[in-house]
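To start, the structure itself, in structure tokens.
The values are calculated or read from the model by the stated rules, or taken from the named source; none is laboratory data. From a predicted model like this one, the values you see are computed outputs, not experimental measurements. When we count neighbours, we look across all protein chains shown, and the Cβ atoms used for this are built from the backbone with ideal geometry, even at glycine.
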Amino acid sequence: MHKIMKPERPVGIIGYGAYIPAYRLPAEAISKLWREGQDRNHLPIREKSVPGPEEDTITMSVEAAQNALRRARIDPQEIGAVWVGSESHPYAVKPSGTVLAQILGIAPAAVSGDFEFACKAGTEAMQAATAFVGSGMGDYALAVGMDTAQGRPGDALEYTAAAGGAAYIMGPGDEALAVLEGSFSFVTDTPDFFRRAYQKYPEHGNRFTGDLAYFYHIRSSVTYLLEGLQLSPKDFTAAVFHQPNVKFPQKIAAELGFSKAQISAGLLSNRIGNTYAGAAVLGLTNILDQAKPGDRILMASFGSGAGSDALSFVVTDKIESARKVAPGTADYLNRRKNIDYATYARWRKKIVMK
Amino acid sequence: MRKVAIIGIGQTPVREHWDYPIRYLGVQALLAAMQDARVDTIGGLFVGNMLSGALSEQEHLGALIADYAGFSGIEAVKVEAACASGAAAMRMALMAVASGRMEVAAAIGVEKLTEYSGKFSTAALATAADADYEASIGLSFAAINALMMRRYMHEYKVNKEDFAIFPIIAHANAVHNPNAMFHHTINREDYARAKMIADPINLMDSSPIADGAAAVIIVPMDKIKKYAGKAVRVAACELATDTVGLDSREDALLLKGVQKSASKALKIAGIEAKQIQLMELHDAFSIMSVLSLENSGFCQPGRALFAANDGKYSIDGEMPVCTFGGLKGRGHPVGASGLYQIVEAVQQVRGDAPAPIQVEDVEWAMAQNIGGSGATVITTILNRINE
Amino acid sequence: MDIPRYWRLREQRYKLQGNVCAECKAYNFPPRPVCLQCKSKNMQPYQFKGNGTIYSYSTVYQAPDAFNKQVPYLVALIDLDEGPRITARLTDILDNKIEIGMPVEMVIRKIYEDGDNGPIQYGYMFRPLLKKKE
């Protein structure tokens, strides 16, 4: 049996914030253009979120983090670490984290850097933030999972590659609105999905995506975590799994013994698509928006390449007052405007200008 | 200070002058003005220009044009105040003569905007705005004027279509000006169909950028008998400024620079606004015509469009404006426009304008040159010299 | 690549960092060395809250070169709650409805990208207030 991860001192979420851009591209619009609509009964999601022309991972992270800061009610200068997990950092070289730190008033006394681990870069940043606070290196750390994912035009990925994410401020357990009970991370070298340097679009490795990658890693991380915590699915009020579509999280939840009711609050992919590093963490904000003190929540991410982080939180009575002071996940889900494929293609720079 | 007069004028046609560099345009206008004045030498040269550095990669226009006109050695300097550079250069020439430091001074306005493609000139013209807080976040010059026009429409409950009268007047007059860029009339339907530049400003609201040069020769009033050129007295030429950023003004429709410059000019000339018989307006955009007339005191705030649509500013109206086509019809060679206005007003006062656009018996004429969204304003009043 | 300008103005563009006159309490954005109202030189830093109303607006169809790829886009004059008027872009106008007097709030957006190799410049834009479920 593997040992689960627990910080030396209790650590939890003291502030959280969501962000989803306002624009939506219906999967039907993609289907109509590339398949004459013949796959309309098999679409992986209903619609996906698309960033506006002036948005990117940095601007979206700013708003999510501002929401988290409002809930945390701390002076930004007290935050000692800024970590942004994404596979769509605007710069190849130059951290997203420093821009965020400057805008939020966290700079200059802080560590900052970017994480990349496909769709689990956000939970990776949360693990690092937990370690930073848990070890006593600092009292507060900001971790963001955010993406503006790209899918090759006409590729199956294009239906779901979406934009959005969430920010978390991790802090001492006694200030937390949700305390981390423990976590488990499970990684192997699995080339299920990757994007080489300088390439615009990612590639899938054969049919590794399902069984070898998504299911194997999440099954492992969750199973080890539950064993280590001596918990079973029925001990959880809610669970959120990485959601590249609607089917996968439903399937892994059922296999592990979680009910549809337990995963409903965290399952957003039908309405916004796959927000990559933002997916699991955004499901968690929606769960927290509805949580009650005492609720136990499981979050399991998956990142290609491949790995899964499973984390278990117990909600405290600080949730009630924190929840109201910033926009909720539903406020962003409900703020929506449909765009057509041409607008999407222009905004996402799929039209070659030179 | 001595009183001064203009004894010679010169201009090139306003065109896309592919065949001439900026120095030749300047030299042509200068030599034409000197010929008109019948002087063969000048004591100093003041060159109004905004964008020679940005668009012709040529600064140092004072020395360059003096050199190519054959006057190397004289005092010569470039004067810059965005779109008001032309009249600003004239004011410098006036002061040089009025102060007694010079006997004959030349002011020219020259601009060459067509050296590069239009997209560069849009960015270059935006340098008249605040670079840090307007231009560098995406405001074009048309956009800044559009913000004023939208606000005007909101405050005075007027329609966009009401503005059509100003470009219609400009084009109607330009037909008779051989130096104008446009020689066709436009109607309300053309205006309604014009494409948007920065909503609500459309192409018909916007003066065309072009190349050109205009020049005047200035001498002391008490010496005009010495010269053969037809003299017109400069009764006033007053410059005032306002904030460069439109956002720094409490009321975007209140152009303090226009108010100060116009009221001071009228006071120095010793006349009332109603004595002005024609006005060469700075109609870079239709909204600027409206704000220029209202803030100069020619009509109450909110009334300029009504007055214009009633015919007050047409060529046969109470106070014709843009008699040679204005910036819209004659064209807007930015740093030269202020001197084109003066050259045109001089022709009106002399009675030398082409017959269809000659205003009858002109004793007093005004020209107002505006830089930026009103940050530099120069109001000039010309007076006929009665023998 | 106006990197020094971007770097120098980052506190203003990121946080609406302006100043307030210690004598007459007039707020300034951009920060001014001399108070526009009372000419005092005793100015204190002040970070604006980022809320305001639209004073005027325009949709730009023909833009300066650096912004050509972004047309059409919206610009506006916005009266900040503290007093000063600011020139800014508008974003996320979802129902295409804009009115003078409409309340707006500051957000961070990409102002422009200097080609494929240059810096990405971030700064303030304003959007209609986010609707919150009570």
Problem set entry | Selection count, the range C:114-134, where residues are more than 29 Å from C:TRP7 (Cα to Cα) and surrounded by 14 or more Cβ atoms within 10 Å (Cβ to Cβ) | 1
Exercise. Is it true that C:GLU82 is among the charged types (D, E, K, R), closer than 24 Å to C:ARG8 by Cα, touching a Gly at 6+ places or on another chain (Cβ under 7 Å) and more than 9 Å from chain A (Cβ to nearest Cβ)?
Worked result: no
For this session: Look at A:GLU36 and say whether it is over 25 Å from A:GLN250 (Cα atoms), crowded, with 22+ Cβ neighbours inside 10 Å, assigned by TED's automatic domain parsing to the domain that holds A:ALA121 and charged (D, E, K, R).
Result: no
For this session: Quick one: in the range B:325-379, of everything that is among the hydrophobic types (A, V, I, L, M, F, W, C) and assigned to a loop (DSSP other than H, G, I, E, B), which residue is nearest to B:LYS112 (Cα to Cα)?
Result: B:ALA375
Seminar exercise, completed: Being touching a helix residue (DSSP H, G or I) at 6+ places or on another chain (Cβ under 6 Å), closer than 18 Å to B:ALA123 by Cβ and not hydrophobic (A, V, I, L, M, F, W, C) narrows C:TYR112, C:TYR61, C:TYR73 down to just C:TYR112
Exercise. Any idea which of (1) touching a helix residue (DSSP H, G or I) at 6+ places or on another chain (Cβ under 8 Å); (2) in contact (Cβ under 8 Å) with a residue 60 or more places away in the chain is the one A:ALA213 doesn't satisfy?
Worked result: (1)
Problem set entry | So A:LYS200, is it surrounded by fewer than 17 Cβ atoms within 10 Å (Cβ to Cβ), closer than 26 Å to A:PRO26 by Cβ and touching a residue at least 60 places away in the same chain (Cβ under 8 Å) | no
For this session: Please work out if B:ALA164 is under 30 Å from B:ARG303 (Cα atoms) and either more than 13 Å from every other protein chain (Cβ to nearest Cβ) or of a type in the set (Ser, Thr, Tyr) (or both).
Result: yes
Problem set entry | Qualifying residue in the range A:263-274 (condition: surrounded by fewer than 21 Cβ atoms within 10 Å (Cβ to Cβ) and β-branched (Val, Ile, Thr)) | no
Seminar exercise, completed: Of the candidates A:VAL62, A:VAL82, the one satisfying the condition of being assigned to a strand (DSSP E or B), under 24 Å from A:ALA322 (Cβ atoms) and modelled with pLDDT of 95 or more is A:VAL82
Exercise. Before we move on, is B:ALA284 under 26 Å from B:PHE46 (Cα atoms), of a type outside the set (Asp, Glu) and more than 14 Å from every other protein chain (Cβ to nearest Cβ)?
Worked result: yes
Exercise. So B:LEU125 fits all but one of (1) more than 12 Å from every other protein chain (Cβ to nearest Cβ); (2) within 24 Å of B:ILE342 (Cα to Cα); (3) aliphatic (A, V, I, L, M); what number is the exception?
Worked result: (1)
